[in-house]
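Written below as structure tokens is the structure these notes are about.
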Amino acid sequence: MRGYYIAGNWKMHKTVGEAVDLAGELVKRLARSGHRVMIAPPFTSLQAVGEKVRGTNILLGAQNMASAELGAHTGQISCLMLKDVGVSVVILGHSECRLLDGETNALINAKVKLALLHGLEVILCVGETLAEREAGLVEKIVVEQVEEGLRGVAPDRVGTVTIAYEPVWAIGTGKNATPQDAEAVHAVIRSTVARLYGAKAGEEMLIQYGGSVKPDNAAGLMAMKNIDGALVGGAALSADSFCAIVEFDAYQRAAG
Ligand code: PEP
């Protein structure tokens, strides 16, 4: 049983005070959640939010990190600094970093290996653009991103990687993939991991879906065999919507 893993990516939102308030609310409301939960506030709030979630069932995540450990890298944040403030998970390869900041598969792979070397868990994001989908390239792009992202990752470390399938055209647009569309790509990702690392690793890999996940569509996505959770952007910015997604089963029962 893989269980569910729901992560909130707060992107470039929330002052320190707002972040601490939201984290405090989530700590209270999700204390009894049976699902794995992570929140990734902006770098400026990591320390304060880390103090709020320490000793709770909510994991502290970072939205990115540098590919180097230390040194002359203006504007970058090292994995050592993240660990120092209590971060245990880092999101890597988000499409906004790939497309807006020019992050390549090779750079993302270097970050994945560095994060794992330092004992951080990784959420590796993959996903196609609309043009790639329309050109029939979904499988090619996603398989390539998984293979390149995991290149050189040792078999005994791959269990601390979660893959997030995030079709770029569904992020922040309100258009989400249907559960069936998402499931088809998740199945390809799982078989790719199985091909690279063996059947057990494929079976155990947590694969999140991301792209306009909301309280109303979460349960339908989670019902799919190969969807093990969600990476949530916009709907992670309010306690009501994020808690409803984390507790998607209870939310669905209440909605009838
Ligand atoms: C994301 O940025 O990872 C994301 C999925 O955003 P949204 O939920 O807003 O589409």
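Which of the residues that make up segment 1-38 are assigned to a loop (DSSP other than H, G, I, E, B), away from the ligand (no atom under 15 Å from the Cβ), surrounded by fewer than 17 Cβ atoms within 10 Å (Cβ to Cβ) and of a type in the set (A, V, I, L, M, F, W, C)?
Within segment 1-38, M1, A31 meet the criteria.
Quick one: A177 ticks every box in (1) away from the ligand (no atom under 16 Å from the Cβ); (2) open to solvent by less than 50 Å² (accessible area, probe 1.4 Å); (3) farther than 17 Å from L92 by Cβ; (4) touching a Phe, Trp or Tyr at 6+ places or on another chain (Cβ under 8 Å) except a single one, so which number is it?
Failing condition for A177: (1).
Just one of the numbered conditions (1) open to solvent by less than 10 Å² (accessible area, probe 1.4 Å); (2) assigned to a helix (DSSP H, G or I) is not true of Y209; which one?
The single condition Y209 does not satisfy is (2).
So, in segment 133-174, how many residues would count as being in contact (Cβ under 8 Å) with a residue 40 or more places away in the chain and more than 16 Å from the ligand (Cβ to nearest atom)?
So the first thing to find is which residues in segment 133-174 are in contact (Cβ under 8 Å) with a residue 40 or more places away in the chain, and the list is 138-139, 142-143, 145-153, 155, 157-172.
When the remaining residues are screened for being more than 16 Å from the ligand (Cβ to nearest atom), the result is 138-139, 143, 146-148, 150-153, 155, 157-161.
Of the residues in that region, 16 qualify.
Scan segment 187-208 and report the pairs whose first residue is within 20 Å of G220 (Cα to Cα) and whose second residue is open to solvent by 50 Å² or more (accessible area, probe 1.4 Å), with Cβ atoms within less than 6 Å and a gap of 6+ or a chain change.
Close Cβ pairs (under 6 Å, with a partner that is open to solvent by 50 Å² or more (accessible area, probe 1.4 Å)) amount to V188/E139; L206/R2.
Looking only at segment 141-154, count how many residues are open to solvent by 50 Å² or more (accessible area, probe 1.4 Å) and within 18 Å of I207 (Cβ to Cβ).
3
Which ones in segment 205-256 are farther than 22 Å from P167 by Cα and not hydrophobic (A, V, I, L, M, F, W, C)?
S238, D240, E247, D249, Y251, Q252, R253, G256
In segment 106-132, which residue that is within 16 Å of the ligand (Cβ to nearest atom) and open to solvent by 20 Å² or more (accessible area, probe 1.4 Å) is farthest from P155 (Cα to Cα)? If you could, list the steps in order and put the result at the bottom.
Residues of segment 106-132 that are within 16 Å of the ligand (Cβ to nearest atom), as a first pass: 108, 122-130.
Retained after the next criterion (residues that are open to solvent by 20 Å² or more (accessible area, probe 1.4 Å)): 129-130.
Numbers: T129: 29, L130: 33 Å.
So, considering only residues that are within 16 Å of the ligand (Cβ to nearest atom) and open to solvent by 20 Å² or more (accessible area, probe 1.4 Å), the one farthest from P155 (Cα to Cα) is L130.
Output yes when any residue across segment 198-206 is at pLDDT 95 or above, within 17 Å of the chain's Cα centre (by Cα) and within 15 Å of the ligand (Cβ to nearest atom), and no when none is. Steps first, answer last, please.
As a first pass, look at segment 198-206 and keep what is at pLDDT 95 or above: 198-206.
Subset that is within 17 Å of the chain's Cα centre (by Cα): 204-206.
From what's left, within 15 Å of the ligand (Cβ to nearest atom): none.
Checked segment 198-206: no residue is at pLDDT 95 or above, within 17 Å of the chain's Cα centre (by Cα) and within 15 Å of the ligand (Cβ to nearest atom).
So which of A218, A230, A244, A235 is near the ligand (Cβ under 9 Å from one of its atoms), in a helix (DSSP H, G or I) and within 30 Å of T15 (Cβ to Cβ)?
A235
The values are calculated or read from the model by the stated rules, or taken from the named source; none is laboratory data. Keep in mind that what you see is a predicted model, and the values were worked out from it rather than measured. Positions of Cβ are backbone-derived with ideal geometry, glycine not excepted, and every protein chain shown enters the neighbour counts. These accessible areas exclude ligands, DNA and RNA; they are computed on the full protein's heavy atoms, side chains included. Shrake-Rupley method; radii C 1.70, N 1.55, O 1.52, S 1.80 Å.
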